[in-house]
Amino acid sequence: MTTKSKESKSLPEPKPVPEMSEAIDDCPFEVVETRKATFSTQTKEELQRQKERDYKKVTGVFKVLQDKIQSFSFYFKKYKNDLRFYTLTNGKKYTLDLMVAEHLRDNCFRQNDITKFTLEGKPYRVKGPKVPRFSFDIAFE
């Protein structure tokens, strides 16, 4: 029985890290300069006007269009430190902020998927039309 002696293999010496300018010069790809993302282009005055518009009170009737529920509860937050809880009942008249009424009108929908078939007969799904779940009909006085 022969035993193999463990030979210690020495790792090669690490190469020194090149300076950044040398690394960019040796880079085979085009270096593109990036900018910091700007998250808000609104001025304080524009933001204040938008808040005034959003907090304007509107009166209307809440309706459930699709589901068989009588009341709907949800949290709503558009601005920092302004989380609100709402419970709305089907067919009742409410006075809400305009931003909440627009949210109920524009963002509360169900998107039904449609199953289609390829020429080979394999099924696949595509997004179907958006079906609104709720409405808030604003009463103009």
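The values are calculated or read from the model by the stated rules, or taken from the named source; none is laboratory data. Being a predicted model, the structure only gives us computed values, none of them experimental. Please note: Cβ atoms are built from the backbone with ideal geometry, for glycine as well, and neighbour counts cover all protein chains shown.
Regarding the range 49-56, can at least one residue be identified that is out of contact with any Pro (no Cβ under 8 Å at 6 or more places or on another chain), modelled with pLDDT of 85 or more and of a type in the set (Ser, Thr, Tyr)? Spell out how you get there, then give the answer.
So the first thing to find is which residues in the range 49-56 are out of contact with any Pro (no Cβ under 8 Å at 6 or more places or on another chain), and the list is 49-56.
Add one more test, that the residue is modelled with pLDDT of 85 or more, and what stays is 49-56.
Now narrow it down to the ones that are of a type in the set (Ser, Thr, Tyr): 55.
Yes, there is a match, as at least one residue in the range 49-56 is out of contact with any Pro (no Cβ under 8 Å at 6 or more places or on another chain), modelled with pLDDT of 85 or more and of a type in the set (Ser, Thr, Tyr).
What pairs come up if the first residue lies in the range 105-120 and is touching a residue at least 40 places away in the same chain (Cβ under 8 Å), the second is surrounded by 10 or more Cβ atoms within 10 Å (Cβ to Cβ), and their beta carbons are under 6 Å apart, counting only those six or more places apart or on different chains?
Matching pairs, first to second residue: ARG110/VAL131; ARG110/ARG133.
Which of the residues that make up the range 87-121 are of a type in the set (A, V, I, L, M) and either surrounded by 10 or more Cβ atoms within 10 Å (Cβ to Cβ) or under 13 Å from TYR75 (Cα atoms) (or both)?
Our first condition is that a residue be of a type in the set (A, V, I, L, M); within the range 87-121, this holds for 88, 96, 98-101, 104, 114, 119.
Hits for the range 87-121 are LEU88, LEU96, LEU98, MET99, VAL100, ALA101, LEU104, ILE114.
Filter the range 64-83 down to the residues that are assigned to a loop (DSSP other than H, G, I, E, B) and in contact (Cβ under 8 Å) with a residue 12 or more places away in the chain and list them by number.
LEU65, GLN66, ASP67, ILE69, GLN70, LYS78, TYR79, listed by residue number.
I'm checking my understanding of the structure. Among residues of the range 84-141 that are among the charged types (D, E, K, R) and not in a strand (DSSP E or B), which one is farthest from GLU52 (Cα to Cα)?
Step one: of the range 84-141, the residues among the charged types (D, E, K, R) are 84, 92-93, 97, 102, 105-106, 110, 113, 116, 120, 122, 125, 127, 130, 133, 137, 141.
Within this subset, residues satisfying the condition of being not in a strand (DSSP E or B) are 92, 102, 105-106, 120, 122, 133, 141.
Working: LYS92: 26, GLU102: 15, ARG105: 20, ASP106: 20, GLU120: 57, LYS122: 53, ARG133: 28, GLU141: 20 Å.
By that ranking, first place goes to GLU120.
Quick one: would you say PHE74 is under 19 Å from ASP137 (Cα atoms) and either at pLDDT 60 or above or over 24 Å from the mean Cα position of the chain (by Cα) (or both)?
Numbers: under 19 Å from ASP137 (Cα atoms): yes; either at pLDDT 60 or above or over 24 Å from the mean Cα position of the chain (by Cα) (or both): yes.
Judged against the criteria, PHE74 is a match.
TYR55 fails exactly one of the following numbered conditions: (1) out of contact with any helix residue (DSSP H, G or I) (no Cβ under 8 Å at 6 or more places or on another chain); (2) in contact (Cβ under 8 Å) with a residue 40 or more places away in the chain; (3) hydroxyl-bearing (Ser, Thr, Tyr). What is the number of that condition?
All conditions are met except number (1).
Tell me which of these GLY60 doesn't satisfy, since it passes every other one: (1) in contact with a helix residue (DSSP H, G or I) (Cβ under 9 Å, 6 or more places away or on another chain); (2) outside any strand (DSSP E or B); (3) in contact (Cβ under 8 Å) with a residue 60 or more places away in the chain.
The number of the failed condition is (2).
Have a look at PHE62, PHE85, PHE117 and point out the one that is touching a strand residue (DSSP E or B) at 6+ places or on another chain (Cβ under 9 Å) and either among the β-branched types (Val, Ile, Thr) or within 17 Å of SER135 (Cα to Cα) (or both).
Unique residue meeting the criteria: PHE62.
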